[in-house]
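Nothing in this text is a laboratory measurement; each read-out follows from the coordinates by a stated rule. Because the structure is a prediction, the values reported are computed rather than measured. Note that each Cβ is placed from the backbone with ideal geometry, even for glycine, and that neighbours are counted across all protein chains shown.
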Amino acid sequence: MKRALLLASLVALAALVAPSAAQACSCAWVQAAGFLAPQDGLMPLNAQGILWGGSRKLDPAQVQVLRLTDAKGGAQPVPFTLHEVGGGVTHVRLQDKVAPGERYRFRTRAFNAFDKSLQIEVDPVTQETWQVVTFTVSPKPLLIESLKPTLEVGPVETLMLSEPMGASCAHQVLAAQSRLRVVLPAELVGFEQHLIYATLIDGKTPWSPRSSLCDFVPPGRTWTDVPGTDLVYAPCQGAPSARTAQQRLPEGAAHLVVQVLFPQVSPKAALTPKTKIELKCSSNSDKKQLEKPQNP
């Protein structure tokens, strides 16, 4: 995964230690994901700002918000407040009411420096590094009652995937697996990254696996990187133990619900209809297909 950090480093001291002990897991721990938003897109009219995610409290000194005043790059600082909405997510809320067509640039120094997908800029004066996202205010609000999400469940495939494991950070297991995707009404397409998602197993147990001990999953997101997607799996009979606290599903039936939140406006969640899935390993899997590990 592009989010996995300094993934599993194997330290081999062959001249000094026995081969069975010549492994170690070394990770660079991440405390902030950064803005949970697209790089450049539309901001719902009623959002009044964007979301930030991290495992520590966001310091206002680490955030700047500018209103873009002209096409030549003119900008004016605007006041904002920080509101913790739970689960490591903070709403960077603009104090003044926004209007359709206005453009805003949000910057933060609290972001995941290992995530190469983020847009980064270096301040020419202070040499500080910032994550930057720019938005145009949409004329449309995002109404909770209009969410009505549905869940698209992909075919069950028996493939290899990566999961956390002790000293070596990760290992590969053969598992029955299926990809999930939340589908929003057509009029809300483009707003997906302003929402928070959580997959619930049998309607209550949050599903939050990782592909490695070094994998950092941002708050409000899943291990599949793309907002509104997920992957559920059940190891096949005979698969080695994860030897960590990794979540696993047993082979068989499970009922899935995805919870969708727009916490900028309301703590109330929209739920996809309950969907049944049968995770069964295939005995006729193509071995050539299994040679390359499949990761979320």
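Suppose a student asked you for the relative contact order of the stretch 145-290, using Cα pairs under 8 Å spaced at least 6 residues apart; what percent would you report?
30 percent
If I stretch the segment between residue 239 and residue 268 completely, what's the gain in nm (0.36 nm per residue apart, minus their alpha carbon distance), one decimal? Numbers along the way, then the final one.
Numbers: separation 29, 0.36 × 29 = 10.44 nm, distance 3.94 nm.
Contour length minus the Cα-Cα distance gives 6.5 nm.
On full extension of the chain, what length is gained from residue 117 through residue 280, given 0.36 nm per residue of separation minus the C-alpha to C-alpha distance? Present the calculation step by step, with values, prior to reporting the outcome.
Details: separation 163, 0.36 × 163 = 58.68 nm, distance 3.47 nm.
Full extension from residue 117 to residue 280 adds 55.2 nm.
Quote the relative contact order of the stretch 94-214 in percent (integer), defining contacts as alpha-carbon pairs under 8 Å separated by 6+ residues.
On the way: 155 pairs, mean separation 25.3, N = 121.
Relative contact order of the stretch 94-214: 21 percent.
For volume of the Cα convex hull per residue in Å³, one of [x] 155; [y] 164; [z] 141 was computed from the structure I shared and the rest are decoys. Which label?
[y]
Bin all alpha-carbon pair distances of the stretch 32-141 at 5 Å intervals from 0 and give each bin's fraction as a whole percent.
Going from the shortest bin to the longest, the percentages are 2, 12, 23, 26, 21, 12, 4, 0.
Would you please put 145-156, 260-271 in order of how densely packed they are, using the mean number of other Cβ atoms within 10 angstrom per residue and starting with the highest? Intermediate results must be reported in sequence, preceding the final value.
Values: 145-156: 14.6, 260-271: 17.4.
Ranking the peptides 145-156, 260-271 by packing returns 260-271, 145-156.
Ranking request for peptides 80-91, 46-57: highest mean number of other beta-carbon atoms within 10 Å first, then the rest in descending order. It would help to have the intermediate numbers written out before the result.
Working: 80-91: 16.6, 46-57: 20.1.
Averaged packing, sorted descending, gives the order 46-57, 80-91.
Suppose a student asked you for the relative contact order of the chain, using Cα pairs under 8 Å spaced at least 6 residues apart; what percent would you report? Could you put the intermediate results ahead of the total?
On the way: 706 pairs, mean separation 60.4, N = 296.
Value for the chain: 20 percent.
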